[in-house]
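**Student:** Before I ask anything, here is the structure I am working with.
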Amino acid sequence: MIYDVKNLCFKYTAGGRTILKDASVTLQEGEIMSILGPNGAGKSTLLNCMANLLKPDSGEIYLCGRKMREMGIKEVAGCVSYVQQTHTPTFAYTVLNFVIMGRAPKIGMFRKPKTPDVQAARDALEILGIAHLAEKPYTEISGGERQQVIIARAIVQEPKVILFDEPTAHLDYGNQFRILGMIKIMQDRGYSIIITTHNPDHALLLGGTAAIIDRNGQLDVGKSSEIITEERLKKLYNTELRLLPIPELSRMACLQPLLKNPIQDSF
Amino acid sequence: MGLRLRGGPIESKEKRRIRSINLMFVLVLTAAVLFSLCVGKYPVTPIESVEIIVSNIFGITGNWEPMTESVVMKLRLTRTIAAVLVGSSLAVSGATYQGIFRNPLVSPDLLGVSSGACIGAAIAILMALPSGYIQLFAFCGGLLAVTITLLIPRMIRSDSNLMLVLSGIIVGGLMSSIMGFIKYTADPDTQLAAITYWQMGSLSYIKMTSVLSILPTIVVSMIILFAMSWWIDIVSLGEKEAKTLGANVRAILYVAIACSTLLTASSVCIAGTIGWVGLVIPHFARLIVGPDNTKLLPAACLIGAIFLLLVDTAARTIGSAELPLSILTGIIGAPFYAWLLYKQRMRLQ
């Protein structure tokens, strides 16, 4: 078992709104899990807790059988890669040097990357088919390319599990599915994967398990194909939608009926 | 706020390029050192000055006039070493601050470190403490100033580059008021002149003993910063990202701030506050070797040394009286920085 999250509770400020309430979830080796939920429900909060970026108020996270709060930053980073939403860094490091930074968990505080680290970064770029970007400044490539470069950096970290925070946000339609395809390939290569997403259809496409967080911080976990139901999604997102089998695609798809005036709806 | 600067890969070809660039800078620095030993009101030929230095190292006596030996060894050599140390310290600390604060707009002077260190030194002079204390007080003053500068954006929960710069201006303003008060209370006959000298930035009364007293601090701080330079790259991605890459962000920040503040404070101790070097030289170095701190810090170190040595040589040879260094660094640095900003705008998205 990669993750065993037990009874996690989280508030951003003391006395503030409870974001996560008694959240429990597990992730098996090689498994893929999508975290779904409306805005502000706590998808990213849960992911950040699992990435060791936020400290839960109570509850326990076991990472590869060990209590995460007793592990060092380097130990966690040696096991978990975190792919955050793309952003523009201040300094224009080249793509290759940016990917090499993924080797950090293996490098001491007063040391620098060596030839094997450079080679690992080159290999990762090769695997993802973006070797031609190596010498370009990271700040000057497109959003889709940046997301791929961050995934390359996640690979050179040689983790057991990769966490993706809304990997399809800010990407155009084609790039969204290119990235999802890449995530699926990562799973085939043996990585365990957790993603947060706004799109239930992405969770259906990826398969695996789904963790659904509602507005009250309640967490439901199950097989994507079983837990993602029309009724649940309607309630979760407070909108009309249909979950239909599409024979041509031989899969279930989450679709919107004709658009209604949302303002009238809320009165 | 986005100044985006170009970088190169860690490649053997690239490594060779960087090595030859650094070698070139070393040669230029050597030439600048020789030049600065020879020019002045009492000209000395380069061969003579090299002979004098070599013979002094090996304890041989030569057949030159004692006056020549005294000018080279007592005056110019001391001053040359001081200019090299101060220039490289300011440039390396500026590059480090820019990296760890992810902000190409900051420098030891803009963060208030220089004026804080200046106040520390002034207080030590006012209390008539021995010179070792001046260094300690300068360090504490610089550290206090940079801490306040960092706390203000935190208090108003702002993470923007501009807020850090504004905060530095606030602290700088506060420090100059305190400095005014210290000067007001200082004894005009003895202390005031010494304190004013610190504030203006000058190497004209430099002594070998004071150069030697800051040398170990500067060397150790630089070795530490060079050794951790790759981690400055990581921290420059932002706290969250650095942490998920396994960086102990706090530890890196504290060590880097301590070392660069020590560098700034040490140079303030012997030369007073000298503006612009810590801001402009890192940018110039980045234009040449790219943004990777593993290459940037050594390049900034060498370029800073060359720049301040040439500026100091100019300061003592141009006019009939010596010019304060900040006047010259400002005249060169300000237009140069404007040009850099203009040039880098071309690469903004």
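The values are calculated or read from the model by the stated rules, or taken from the named source; none is laboratory data. Quick caveat: nothing in here was measured; it's all calculated off a predicted structure. Cβ sites come from the backbone with ideal geometry, for glycine too, and all protein chains shown count toward neighbours.
**Student:** B:Arg286: within 14 Å of another protein chain (Cβ to nearest Cβ) and either under 18 Å from B:Ser114 (Cβ atoms) or assigned to a helix (DSSP H, G or I) (or both), yes or no?
**Tutor:** Yes, satisfied.
**Student:** Next question, about the same structure. How do the strands (runs of 3 or more DSSP E) wholly within the range A:190-267 filter down when requiring 2 or more residues that are touching a Pro at 6+ places or on another chain (Cβ under 9 Å) and under 30 Å from A:Met1 (Cα atoms): which remain?
**Tutor:** By residue number, A:192-197, A:209-213, A:251-255.
**Student:** Next question. Within the range A:146-166, identify whether any single residue is out of contact with any His (no Cβ under 8 Å at 6 or more places or on another chain), more than 14 Å from chain B (Cβ to nearest Cβ) and surrounded by fewer than 17 Cβ atoms within 10 Å (Cβ to Cβ), and answer yes or no.
**Tutor:** No, because not a single residue in the range A:146-166 is out of contact with any His (no Cβ under 8 Å at 6 or more places or on another chain), more than 14 Å from chain B (Cβ to nearest Cβ) and surrounded by fewer than 17 Cβ atoms within 10 Å (Cβ to Cβ).
**Student:** As an exercise: evaluate B:Pro43 against (1) under 18 Å from B:Val84 (Cβ atoms); (2) loosely packed, with under 13 Cβ neighbours inside 10 Å and give the number of the one condition it does not meet.
**Tutor:** All conditions are met except number (1).
**Student:** Which of the residues that make up the range A:185-200 are farther than 20 Å from A:Met50 by Cβ and crowded, with 17+ Cβ neighbours inside 10 Å?
**Tutor:** Within the range A:185-200, the subset farther than 20 Å from A:Met50 by Cβ is A:185, A:188-189, A:199-200.
Correct list: A:Pro200 only.
**Student:** On the given criteria, is B:Pro188 surrounded by 24 or more Cβ atoms within 10 Å (Cβ to Cβ) and either free of Cβ contacts under 8 Å to residues at least 24 places away in the same chain or under 30 Å from B:Thr313 (Cβ atoms) (or both)?
**Tutor:** Working: surrounded by 24 or more Cβ atoms within 10 Å (Cβ to Cβ): no; either free of Cβ contacts under 8 Å to residues at least 24 places away in the same chain or under 30 Å from B:Thr313 (Cβ atoms) (or both): yes.
Judged against the criteria, B:Pro188 is not a match.
**Student:** Restricting attention to the range B:52-111, report how many residues are part of a helix (DSSP H, G or I), surrounded by fewer than 23 Cβ atoms within 10 Å (Cβ to Cβ) and among the small types (Gly, Ala, Ser).
**Tutor:** 2
**Student:** Do we find a residue being within 23 Å of A:Thr45 (Cα to Cα) and loosely packed, with under 15 Cβ neighbours inside 10 Å anywhere in the range A:222-229?
**Tutor:** yes
**Student:** Need a quick list: helices (runs of 4 or more DSSP H) entirely within the range A:40-135 having at least 3 residues that are more than 9 Å from chain B (Cβ to nearest Cβ) and without any contact (Cβ under 8 Å) to a residue 24 or more places away in the chain.
**Tutor:** Qualifying helices (runs of 4 or more DSSP H): A:115-127.
**Student:** Scan (1) without any contact (Cβ under 8 Å) to a residue 24 or more places away in the chain; (2) within 19 Å of A:Pro105 (Cα to Cα) for the single condition A:Gly16 breaks and write down its number.
**Tutor:** All conditions are met except number (2).
**Student:** With the condition kept exactly as written, say whether any residue in the range B:113-132 is part of a loop (DSSP other than H, G, I, E, B), in contact (Cβ under 8 Å) with a residue 60 or more places away in the chain and either buried (at least 24 other Cβ atoms within 10 Å of the Cβ) or in contact with a Pro (Cβ under 8 Å, 6 or more places away or on another chain) (or both).
**Tutor:** Within the range B:113-132, not a single residue is part of a loop (DSSP other than H, G, I, E, B), in contact (Cβ under 8 Å) with a residue 60 or more places away in the chain and either buried (at least 24 other Cβ atoms within 10 Å of the Cβ) or in contact with a Pro (Cβ under 8 Å, 6 or more places away or on another chain) (or both).
**Student:** Among (1) at pLDDT below 95; (2) in contact with a helix residue (DSSP H, G or I) (Cβ under 8 Å, 6 or more places away or on another chain); (3) closer than 30 Å to B:Ser236 by Cβ, where does A:Gly72 come up short?
**Tutor:** Single failed check for A:Gly72: (2).
**Student:** Just to verify a result, which residue in the range B:247-272, among those that are in a loop (DSSP other than H, G, I, E, B) and surrounded by 23 or more Cβ atoms within 10 Å (Cβ to Cβ), is farthest from the other protein chains (Cβ to nearest Cβ)?
**Tutor:** B:Gly272
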